[in-house]
1. Out of all the residues in segment B:113-146, which are away from chain A (no Cβ under 13 Å) and aliphatic (A, V, I, L, M)?
2. List, please: which pairs have Cβ atoms under 6 Å, are six or more places apart or on different chains, and start with a residue in segment B:193-207 that is on the phi > 0 side of the Ramachandran plot and buried (at least 20 other Cβ atoms within 10 Å of the Cβ) and end with one that is at pLDDT 90 or above and not aliphatic (A, V, I, L, M)?
3. Step by step: first the residues of segment B:154-178, then only those that are in contact with a strand residue (DSSP E or B) (Cβ under 7 Å, 6 or more places away or on another chain), of a type outside the set (Phe, Trp, Tyr) and within 13 Å of chain A (Cβ to nearest Cβ), then the one that is farthest from B:Ile193 (Cα to Cα). Which residue is that?
4. Within segment B:99-119, which residues are modelled with pLDDT under 95 and under 22 Å from B:Gly139 (Cβ atoms)?
5. For segment A:215-239, name all the residues that are buried (at least 22 other Cβ atoms within 10 Å of the Cβ) and either without any contact (Cβ under 8 Å) to a residue 40 or more places away in the chain or of a type in the set (Ser, Thr, Tyr) (or both).
6. Are any of the residues in segment B:83-105 polar (S, T, N, Q), under 25 Å from B:Leu48 (Cβ atoms) and surrounded by fewer than 16 Cβ atoms within 10 Å (Cβ to Cβ)?
7. Identify the single condition in (1) surrounded by fewer than 19 Cβ atoms within 10 Å (Cβ to Cβ); (2) closer than 28 Å to A:Ile74 by Cα that A:Pro156 does not satisfy, given that it satisfies every other one.
8. From the list A:Ala118, A:Ala183, exactly one residue is surrounded by fewer than 24 Cβ atoms within 10 Å (Cβ to Cβ), more than 16 Å from the chain's Cα centre (by Cα), under 27 Å from A:Gly100 (Cα atoms) and within 14 Å of chain B (Cβ to nearest Cβ). Which is it?
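The values are calculated or read from the model by the stated rules, or taken from the named source; none is laboratory data. Everything numeric here is computed off the predicted structure, so don't read it as measured data. Backbone-built Cβ (ideal geometry, glycine too); neighbour counts: all protein chains shown.
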Amino acid sequence: MIATALGALGRPVLQAVAAAGRVALFAAQVLGHILRPPFYLRELGSSLLQIGWYSLPVVGLTAIFTGGALALQIYAGGSRFNAESVVPSIVAIGMTRELGPVLGGLMVAARVASSIAAEIGTMKVTEQIDALVTLSTNPLKYLAVPRVLAATLAMPVLVATGDAIGIMGGWLVGITRLDFNSAAYLKNTVDFLEAWDIGSGLVKGAVFGFIVAVMGCYHGMNSARGAQGVGAATKAAVVSASVLILAANYVLTEVFFTT
Amino acid sequence: MIALADVQKRFGENRVLQGVNLQIASGTSMVIIGGSGTGKSVLLKCILGLVRPDQGTITLDGQDVTKADRDAFLARFGMLFQGGALFDSLKVWENVAFRLVRGPKALPKDRAREIAIEKLRRVGLKPETADLFPAELSGGMQKRVGLARAIAAEPEIIFFDEPTTGLDPIMAGVINALIREIVTEMGATAMTITHDMSSVRAIADNVAMLHGGVIRWTGPVTELDATPDPYVQQFIHGRADGPIESVR
């Protein structure tokens, strides 16, 4: 009875540990291949376009609405103790440290991890990955390395863009709905924002980009056969990337701001 | 020569290959026949190193394939996949020239494109198809592009996995004839897996029947009809009654 209960408890734990180990090994293999030739520059360029450029609209829209809502919330909260003037600085700090990288990362996870997993998963079930091997091409190097590298490089740029758009969203709401003076709002934003507020967000962005692409590639390459297999791989890629982004965000915040 | 000795492979409780022994002489065309799910594709993937056998040895010209330099080993092979396995994101000519523009002996892009167009012409496709994407082609055309890719680097050994599956009888005949012509013309060693008897008669020099995880019968294609083996007879005549269970 007790052994059965312990077994039922231990089995999923062991499975989870084994899965974490497989993902870690996969990520280590990708990292090991990044600096070793051959380099697939065309695939890297194409991935930068797909992951970076085409994610700009969704990241920008997320940022502008979040910045606006944040301004309204901080104003409402600040008014309870006559601190309405903190709106510009809190919007800027909140966007650059937390909301820019986290929401940007989650939106990119939804858009990119799913797309990578579905594409590579379909390649697997249609034997395109086997075909790569027979053509003397390492699938990990050809498919995963350019995507992981592109996501890691593109995410900080997306986060920086999202930060700027989010702050502008707060400014727009501030001057149109909350009666802030435009120049004073911008001065407040610049005066209270420190370089590390922005830098920490960019580092988080790079880590989240790495997570998104690794999870997309890992689940795609381990997709089961058939449409259901590809669907399951896509879902697993988005869920695992999102959860890992949130977990990594907490760890990075601890490291950056509490030590 | 490709030689397989006691090759075994299992997936969980399913023992797919239970001791395969087979020899394919250089410059000959061997066709492996057998029902669906008998392990033909697994056998082919074992030779290519896509699946690692649990037991047994596979040698190519006396060298163990699992210990050979992978790139040098694979450079000797060409492969036509069942579904074509063309890369969706690349144009037709880029698919055909995939191996030519990569690796230590990479050719300049223009030269690789010329060769790709020449190979496309060889399989009966017009140069205009070179700049199309695979999704714009019919099933038969995709098979031809796959064939052009398999022969692009002029390999010594070519594998064909169910080359006529999903094609109408006329297109299947065209593909069979092309395979036979190309294999003869190149002097390549060919291994084909199929359950299409018209392919067997058009392509094979020798035939081996895989059943129950072992090679049940092997011999020249000219002796296929005359063999008294009941498994072979049931298979080649497509009979429901016989030693092979119709529901597997």
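1. B:Ile115, B:Ala116, B:Ile117, B:Leu120, B:Val123, B:Leu125, B:Ala130, B:Leu132, B:Leu137, B:Met141, listed by residue number.
2. From residues that are on the phi > 0 side of the Ramachandran plot and buried (at least 20 other Cβ atoms within 10 Å of the Cβ), there are no pairs.
3. Here is the first cut: in segment B:154-178, the ones in contact with a strand residue (DSSP E or B) (Cβ under 7 Å, 6 or more places away or on another chain) are B:155-163.
Still in the list and also of a type outside the set (Phe, Trp, Tyr): B:155-158, B:161-163.
If we keep only those that are within 13 Å of chain A (Cβ to nearest Cβ) as well, we get B:155, B:157-158, B:161-162.
Values: B:Pro155: 18, B:Ile157: 14, B:Ile158: 11, B:Asp161: 5, B:Glu162: 6 Å.
It comes out as B:Pro155.
4. Within segment B:99-119, B:Lys119 is the sole residue that qualifies.
5. A:Tyr218, A:Ser223, A:Thr234
6. Going residue by residue through segment B:83-105, those that are polar (S, T, N, Q) are B:89, B:95.
Applying the additional criterion that residues be under 25 Å from B:Leu48 (Cβ atoms) yields B:89, B:95.
When the remaining residues are screened for being surrounded by fewer than 16 Cβ atoms within 10 Å (Cβ to Cβ), the result is B:89.
The answer is yes, given that some residue of segment B:83-105 is polar (S, T, N, Q), under 25 Å from B:Leu48 (Cβ atoms) and surrounded by fewer than 16 Cβ atoms within 10 Å (Cβ to Cβ).
7. Answer for A:Pro156: the failing condition is (1).
8. Of A:Ala118, A:Ala183, the one residue that is surrounded by fewer than 24 Cβ atoms within 10 Å (Cβ to Cβ), more than 16 Å from the chain's Cα centre (by Cα), under 27 Å from A:Gly100 (Cα atoms) and within 14 Å of chain B (Cβ to nearest Cβ) is A:Ala118.
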